[in-house]
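The values are calculated or read from the model by the stated rules, or taken from the named source; none is laboratory data. Note that the coordinates shown come from a computational prediction; the quantities given were computed from them, not determined experimentally. Neighbour counts are summed over all protein chains in view; Cβ atoms, including those assigned to glycine, are modelled from backbone coordinates with ideal geometry. All accessible areas refer to the heavy atoms of the entire protein, side chains included, with ligands and DNA or RNA removed. Shrake-Rupley method; radii C 1.70, N 1.55, O 1.52, S 1.80 Å.
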Amino acid sequence: MGIVWIGEHETMYSRLRPFLITLGLAASTTAQTAQFDTRSATGFPASPAYLTTLSFADVDGDGDLDAYACYSNRMASSSRVFTHVFYRGDGQGGFAIDATFPAQLPESMDSEFGDFDGDGDQDLVLAAAKGVYLENDGTGHFTDATAAKLPPSTEDSWTVVSADLDGDNDLDLVMGELGLFNVGGIHCLRNDGAGKFTRAVQLSTSGTANFYIGDVNGDKRPDIIATKSIFYRPSLFVSTGAFTWADQTATNWPTAPSSVRVAQLVDWDSDGDLDLVSAPNSSAAMPVVYLNDGKGVFSTTFSMTNVTLRSPDGIAVVDVDEDGDLDCVFGEWNGDAQLVLRLSNTSIANPSALGIGRINEVLAVDVDHDGDEDLVIDHLISPSPAKHEIVLMLNHQRQIHAGNEPMIGTTWQMDSWSLAPDVRYVVNFLSLDKLSKRIETPFGFLGLDPAKSLALLPIVLSATATTATQMLAIPNSASLRGLRLHAQGLVIPRLMPTDSKLTNVWSMTIR
């Protein structure tokens, strides 16, 4: 059945208008403090294998994030089993498996999306065996182009990161090999601009666990912090020119703590240079921040003494509450996911467990395009038999959500969240149509067509309220069944309305 828009005879919108207006009249507000909520129906299946790598990118140009994952049972004593899975995202946190993704690939330990060949779409490089290059045709369908794109290698790759290493405006690669005892190491690969890579330089002959790339000394060139696969000892390589680096670990890096198990290179103290937030390899690990003096010399001037991590295995450093400073989410293999809010450069709140369980990986990704960072977490459900699950934790900083699909002849509940302290108004919009691709605006990403949307009556939040609930009486009309109903909100600060922000788009089918 086609939809005829407002202004035309017997339009679907004219039939919806009475209960859309009713929705704005049936509203309530309550206090809500949880920063994140768990969404279980993401499309990520439970698996007997744990996640070795997970990466997100919009591979088909529809404005929604898609995902690649590799699952492996490499920790089990049985024969090795691994699976490559590609997921199409729906833009609101749901993912569906795309069976067209190449299946006959070696086990992948790391993955990196990027437009390596300059054709405007996201290709994929895997740290799998000697390296794998998957070329995107622009619609999210991938072809194995390894033989034509990557140079040969004698050691298995373990990690991969992309960056413009020589300032020629294309993405080069840094690949780490797990080889032990002076076998393997760090290899920097030069891109010819069309996605064909050649080995340019080998920085180290030691097996490598992780890389962190950024300009640490302000000279506009990419420097590299690498951790070794044995004991996770860090090394600092400072760029001295295109594809040349000097090992300055001895002069520019502190002697203790001696290991970096998980880390992120970020500007922790907002002074314009990159620091390293990290946790050591320990069953009782105290996170530390290696502060940069702006010239690439690091010191451990801030330790998170009120945090003890039980075998850290995952980190995300982002401003989760949008208060202007960076916060941390640490994953614990023998514990939980711990949210640590920063209070100042040298003080943090006590950690708050998110209630997930044993953690294998933590990623911060704005899955639903509402401008705040959500969490994607791989965790162990049960140890025997082993069972893992990827969960999505939506950030409530601003969010619109409905727990149940609307049904004709019933009342439908829609919830809105805003955790910003100065937000006092929420205006929700409903539509039977959404844009094929979101439009970026000063208020965030617009997902509904303004010409085909209806605004509900504004909700006024009290000083302590952070959640607004609106109730919609769905008419008992069979003609509504099967239509998609889309909602998006605008949260409006009381003092600065120009700082208003759009929420995510929530879509459901009327039953």
Against the condition surrounded by fewer than 17 Cβ atoms within 10 Å (Cβ to Cβ), at pLDDT 95 or above and more than 29 Å from L446 (Cα to Cα), how does D117 come out, does it pass? no
Restricting to segment 95-112, count the residues that are assigned to a strand (DSSP E or B) and closer than 19 Å to A129 by Cβ. 5
Being in a loop (DSSP other than H, G, I, E, B), surrounded by 16 or more Cβ atoms within 10 Å (Cβ to Cβ) and without any contact (Cβ under 8 Å) to a residue 60 or more places away in the chain is the filter here, so list the residues in segment 333-365 that pass it. W333, G335, D336, L341, P351, G357, R358
Take the residues in segment 458-492 that are open to solvent by 40 Å² or more (accessible area, probe 1.4 Å) and among the hydrophobic types (A, V, I, L, M, F, W, C), then tell me which one is modelled with the lowest pLDDT. A463
Evaluation of Q399 against (1) without any contact (Cβ under 8 Å) to a residue 24 or more places away in the chain; (2) buried (at least 22 other Cβ atoms within 10 Å of the Cβ) (one fails), failing number: (1)
Mind listing just one residue for me: the one in segment 278-305 that is part of a loop (DSSP other than H, G, I, E, B) and hydrophobic (A, V, I, L, M, F, W, C) and, of those, least open to solvent (accessible area, probe 1.4 Å)? M304
Do we find a residue being open to solvent by less than 20 Å² (accessible area, probe 1.4 Å) and either part of a loop (DSSP other than H, G, I, E, B) or modelled with pLDDT under 90 (or both) anywhere in segment 257-267? yes
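Condition first: in a strand (DSSP E or B) and either surrounded by fewer than 22 Cβ atoms within 10 Å (Cβ to Cβ) or small (G, A, S) (or both). Now tell me which residues in segment 57-74 satisfy that. Break it down stepwise before answering.
The initial filter retains those residues of segment 57-74 that are in a strand (DSSP E or B), namely 57, 66-72.
A57, A67, A69, S72 - these are the residues of segment 57-74 that are in a strand (DSSP E or B) and either surrounded by fewer than 22 Cβ atoms within 10 Å (Cβ to Cβ) or small (G, A, S) (or both).
Take the residues of segment 410-439 that are open to solvent by 30 Å² or more (accessible area, probe 1.4 Å) and within 24 Å of the chain's Cα centre (by Cα): which is nearest to H369 (Cα to Cα)?
So, considering only residues that are open to solvent by 30 Å² or more (accessible area, probe 1.4 Å) and within 24 Å of the chain's Cα centre (by Cα), the one nearest to H369 (Cα to Cα) is R438.
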Among (1) more than 27 Å from the chain's Cα centre (by Cα); (2) in a strand (DSSP E or B), where does W506 come up short? (1)
May I ask you to list the residues in segment 255-273 that are touching a residue at least 60 places away in the same chain (Cβ under 8 Å), touching a Phe, Trp or Tyr at 6+ places or on another chain (Cβ under 9 Å) and not β-branched (V, I, T)? W268, D269
Listing of strands (runs of 3 or more DSSP E) fully contained in segment 380-482 that carry 3 or more residues being more than 30 Å from T53 (Cβ to Cβ): 411-418, 423-431, 434-441, 453-455, 467-473
Restricting to segment 440-457, what's the tally of residues that are at pLDDT 85 or above and over 23 Å from the mean Cα position of the chain (by Cα)? 9
In segment 306-326, how many are small (G, A, S), open to solvent by less than 40 Å² (accessible area, probe 1.4 Å) and either in contact with a Gly (Cβ under 8 Å, 6 or more places away or on another chain) or not in a strand (DSSP E or B) (or both)? 2
